[in-house]
1. Mind listing the phi-derived Karplus ³J(HN,Hα) values for segment 73-79, rounded to whole Hz, using 6.51, -1.76 and 1.60 with θ = phi - 60°, and x for any glycine or proline?
2. Sort all Cα-Cα distances of segment 109-184 into consecutive 5 angstrom bins from zero, then give the percent of pairs in each bin up to the one containing the longest distance.
3. Spin-label point model (7 Å from Cα, Cβ direction): what's the Ala259 to Arg230 distance in nm?
4. Can you list the HN-Hα couplings for segment 313-321, worked out from phi with the Karplus curve (6.51, -1.76, 1.60; θ = phi - 60°), rounded to whole Hz and with x for Gly and Pro?
5. Hey, can you grab everything whose amide H is under 5 Å from the amide H of Ala172? Only 5+ residues off in sequence or another chain; H modelled, so Pro and N-termini drop out.
6. If I fit a long axis through the Cα atoms of helix 14-25 and take the longest principal axis of the Cα atoms of the chain, what angle between them do I get, 0 to 90°, rounded to 10?
7. State the answer as a single residue: which of Ala99, Gln38, Asn380 lies farthest towards the positive end of the charge dipole of the chain, with beta carbon charges of +1 for Lys and Arg and -1 for Asp and Glu, about the Cα centre.
8. Grab every C-alpha pair in segment 70-223, bin the distances at 10 angstrom width from 0 up to the longest one, and report whole percents.
Amino acid sequence: MSERARLHVVGAGVAGLAAALAGMRAGAEVHLHEAAPQAGGRCRTVSPKGGDEGGFTHDNGTHALLGANPRALALLESIGARGGWIEPEPDGLPVYDAATRRLGRVGLHPLAWLKPDLRPDGLGFADLPRLARLVAPLPDTPIGALFAGRAIAESFVEPLTVAVLNTPIEIASARRLGRAMRRVLRPGGARLYVAERGLGPDLVAPALDALARGGARIATGSRLRALDGRDGRASGLVMADRTIPLGAGDAVILALPPAEIARLFSGIAVPDAYEPIVNAHFRVAGPARPRFVGLRHALSHWALARADHVSVTVSAAGSSVADDPEALSARIWDEVAPALREAGVAIGEPGEHRVVKEKRATIRQAAGFETPRPRLPFANLRLAGDWLTPLPATIEAAVISGEDAARDLLRGLRPPARASARAGRAAADMRGSAP
Ligand SMILES: Cc1cc2nc3c(=O)[nH]c(=O)nc-3n(C[C@H](O)[C@H](O)[C@H](O)COP(=O)(O)OP(=O)(O)OC[C@H]3O[C@@H](n4cnc5c(N)ncnc54)[C@H](O)[C@@H]3O)c2cc1C
């Protein structure tokens, strides 16, 4: 048996990184295995060959956090990366209407709507009970049915729904969005943050650095093919090139998407419906500090302008995900360029561009969908991933699932003195590097 509890985390997306960090702080010897050549999962930075030498590097897709995501923000704080997440639009979100070519601003917190110029278009008294119903913990219903025929459905509720749930409003779950909205109503909950430089430098790299400082072993290009089991416990990790034997005190967290869990354990019940997101990235000179603009009456939902590129998000993109990438990027740029210019963002003409289609961007979060609780065959095994909490499938959910899985597995294990001291030193290092 190992001197310290040994924790193997498989999958180095946000859930796996959070699990590994929590395991390290609990005193475990952490081994992180990632199939891809780089960590980050859906939060990876896309950096094709030449990226380090000035090639066109960008996030897989734009990711925003809200003040309503305390566990994600706390994780960033703990790895010294919180300062890299800034509010691009503290005075209300600029929203460009492609039909009228008019730019307005919308407050994300209902109290902001006391100012008429931050109110969603079409908001009327008849919407207030509907909005109250949305945030109330009542039986589930499709969000579209709650706002049928209301102008605010198009101007506010639909963009909010696809941004948070990545699921068409006609089927999206009011209960799941309501859980998120109750958090948004808390003080500071409606603040919108983006990574100033990108998900690589502002999330994934600091997490990997913190893990390395704490002594975690990180292997990329390391794919789990199967799990061996004996006497109700996982006894071996069958990797592509070898089998890693597991000792009596060893534990495993699979921080993997549902389809991988279904492949590893036949017959296990996991979600099998997904929704895509299309992202278009344009290499173009932009503002020194990031800006964030929403669009209405357009295919594009959001544009994030950074110093050297603009990234555009089309959520719940079922109707466009199969389209020709060149046609998509031309259409998206034609929509986004006037929106950014109207919002006062100076941009040049785009050079290189790239369309990233995430066909399984998130699980489909439809009304009536219940958070799965897969029955696992091994006592020393837990799952993590954004699909495993009742919250929307986002970074916050991924962090919660990873940290909770590690705490649950390692609960009661007292780290030996040497491990405690090392974890303590790592925590001190992290505090030292915090902004
Ligand atoms: C385009 C896009 C935009 C998004 N926007 C937002 C946003 O604005 N805000 C927000 O909060 N969330 C957003 N999300 C959701 C967010 O990205 C996810 O919730 C989060 O990244 C999920 O992390 P995860 O660790 O659960 O899963 P993943 O990131 O999918 O990580 C799973 C990891 O497991 C690895 N893996 C798979 N199989 C194996 C195997 N057999 N062996 C070893 N490793 C394996 C994968 O390579 C991957 O690295 C967005 C998602 C996308 C795609």
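The values are calculated or read from the model by the stated rules, or taken from the named source; none is laboratory data. Owing to the predicted nature of the structure, the values given are computational and were not obtained by experimental measurement. Here the Cβ is made from the backbone with ideal geometry for all residues, glycine too, and neighbour counts use every protein chain on show. Side chains are part of the model used for accessible areas, which takes the heavy atoms of the whole protein and leaves out ligands, DNA and RNA. Shrake-Rupley method; radii C 1.70, N 1.55, O 1.52, S 1.80 Å.
1. 5, 5, 4, 4, 4, 5, 9
2. 3, 16, 29, 28, 17, 5, 1
3. Spacing of the two 7 Å Cα→Cβ label points: 3.4 nm.
4. Listing the rounded values in order: 10, 10, 8, 6, 8, x, 7, 10, 5 Hz.
5. Excluding prolines and chain starts, which carry no amide H, the hits are Ile143, Gly144, Ala367.
6. With rounding to tens, the tilt is 40 degrees.
7. Positive-most Cα among the choices belongs to Asn380.
8. 9, 31, 30, 19, 9, 2
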